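What follows is a set of notes on a single structure, which appears directly below.
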Amino acid sequence: MLLQIFFTFFKVGLFTIGGGYAMLPIIQDAVCHQKGWLTDEEFLDSISLTNSLPGPLATNCATFIGFRLKKIPGSIAAILGTISPSIIIILLIAMIFNTAMDNVYVQAFFRGVGPAVFALIVSAVYKLSKSAKILEDKLTLIVALASFVVIGFLGVTPILVVIAAAVIALVADSVRKANAAKKEGGPEDGSRS
Amino acid sequence: MDLVLRMCLAFIKIGAFCFGGGYAAVGLIENEVVKTMGWLTSEQYINIIAIAEMTPGPIAVNTSTFAGYLMSGPVAGILCTLSIILIPSCLALLTAFFFEKVKNNPKVQVAVKGIRPGAIGIIAAAGISIAKSGFHDYWSALFFALAAFIIFKLKKSPIIALLSCGALGVLLYGFIL
């Protein structure tokens, strides 16, 4: 069973290019439809839960599903399965990377790729801004802009920004709830926690 | 302190704060490894991102393995990868363990949603140094425009954009200029 878990996630890791969200339908197909280990609903639950965790979605999801199947050994098998193809492929490329970079054509290739990587960053910012509905909520927009400025120009550590953003969201949420309660004509402490 | 140990600690820290998908990890690793510690140059890091995107597997995992390898060899590559997923995996285990209790915790949802704009800032900030070392000459603007056209207009995968720009790069810098 552990070997089966390992190889199922190994296949998922091997065949998904683009990472994260691209992996989800493939994990779902492998785990729910081919193996029948989880129902679709259980799978969606596992995504919505692991989605709120830090770190790569694919390994978090693998940890979660592995645990439901075979406790901690299952988790470890699933994690190792997910990351092994990446590690093997990247190490093979990395080994020849420095030698390859001495070649003028390889250099020319990466000279062309540099600006495209910037385009990928722009696209990641754009996609995340869209899913966070940045233009519809003033506070979200301000936090995003302020994060950009303090990290990019003032050298503040991103970790502080992550903590501050979470605190701001929690404070703003309780203020909003307090205001809503006032408008309804009286505090309803029982309903908010 | 031993370099590999310091790298592991850095990647454990990055993993703990890496909310908002693969590119948030790309941004955090850039900040720590390139900007703060100076373990890799910005040029090296751009190539790492390109290869991490073009190969199978999660971008955060690919980037960690590659960065670790270039900093200190294959063992460091594996250790950096295990380090970045250490805390997230422990949290995922806890989540699986206390499944019913955390299922619908509104406070967690609010905090996680609130971190998203912060993650946007982290990625955008990493974009500054990536733009600075990714743009070599006036031609770079053309490559950027091509990549943006492929991603935003044609809605093709980023891999097509990277490969097209690379091929055009070989043609332009390798044969014409």
Grab the other residues whose beta carbon is less than 14 angstrom from that of B:Ile150, score K and R as +1, D and E as -1, and report the net. +2
Per residue value of the accessible surface for the protein assembly as shown (all protein chains in place, 1.4 Å probe), Å²: 46
Difference of contour (0.36 nm per residue) and Cα-Cα distance, A:Met101 to A:Ile142: 10.6 nm
For chain A, what is the mean residue ellipticity at 222 nm derived from helices alone (per DSSP H run of n ≥ 4: -39500 (n - 2.57); sum divided by total residues; nearest 500 deg cm²/dmol)? -26000 deg cm²/dmol
With a 28 Å threshold on alpha-carbon distance, the violating pairs from B:Lys13/B:Lys132; A:Lys35/A:Lys127; A:Lys138/B:Lys156; A:Lys138/A:Lys182; A:Lys183/B:Lys113 are A:Lys35/A:Lys127; A:Lys138/B:Lys156
Counting only protein heavy atoms and rolling a 1.4 Å probe, how much accessible area do A and B lose on contact, total for both sides, in Å² to 100? 7800
Wrap a convex hull around the Cα atoms of chain B, take a quarter of its surface area, and give that in square nanometres. 12.5
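Carbon and sulfur together cover what percent of the accessible area of chain A at a 1.4 Å probe radius?
It is 66 percent, rounded to a whole number.
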Counting other Cβ atoms within 10 Å, keep those with at most 15, restrict to DSSP loop, and tell me which trypsin sites (Lys or Arg not before Pro) in the range A:35-76 are left. A:Lys35
Name the shape class, rounded, prolate or oblate, that the alpha-carbon gyration tensor gives for the range A:36-193, where a ≥ b ≥ c are the square roots of its eigenvalues, rounded holds for a/c under 1.5, and otherwise prolate holds if a/b is larger than b/c and oblate otherwise. oblate
Shape verdict for the protein assembly as shown, please, from the Cα gyration tensor: rounded (a/c under 1.5), prolate (a/b greater than b/c) or oblate. oblate
Roughly how big is the protein assembly as shown's charge dipole about its Cα centre, with Cβ charges of +1 (Lys, Arg) and -1 (Asp, Glu), in debye to the nearest 20? 560
Rounded to 0.05, the calculated FRET efficiency for the beta carbons of A:Leu3 and A:Glu42 at R₀ = 35 Å is 0.95
Show the residues, 5+ positions off or on another chain, whose built amide H is closer than 5 Å to the amide H of A:Ile17. B:Gly57
Find how many whole Å separate the alpha carbon centroid of the range B:130-177 from the alpha carbon centroid of the range A:110-130. 11
Name the shape class, rounded, prolate or oblate, that the alpha-carbon gyration tensor gives for the range A:1-98, where a ≥ b ≥ c are the square roots of its eigenvalues, rounded holds for a/c under 1.5, and otherwise prolate holds if a/b is larger than b/c and oblate otherwise. prolate
Once every DSSP H run of n ≥ 4 in chain B is given -39500 (n - 2.57) and the sum is divided by its residues, what mean residue ellipticity at 222 nm do you get, rounded to the nearest 500 deg cm²/dmol? -23500 deg cm²/dmol
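When only Cα pairs under 8 Å and 6 or more residues apart are kept, what is the percent relative contact order across chain A?
Numbers: 126 pairs, mean separation 33.0, N = 193.
The normalised contact order for chain A reaches 17 percent.
The values are calculated or read from the model by the stated rules, or taken from the named source; none is laboratory data. Only a predicted model underlies this, so the values are computations on that prediction, with no experimental measurement involved. No Cβ is skipped: glycine too gets one built from the backbone with ideal geometry, and neighbour counts run over all protein chains shown. What goes into the accessible areas is simple: the full protein's heavy atoms, side chains included, and nothing from ligands, DNA or RNA. Shrake-Rupley method; radii C 1.70, N 1.55, O 1.52, S 1.80 Å.
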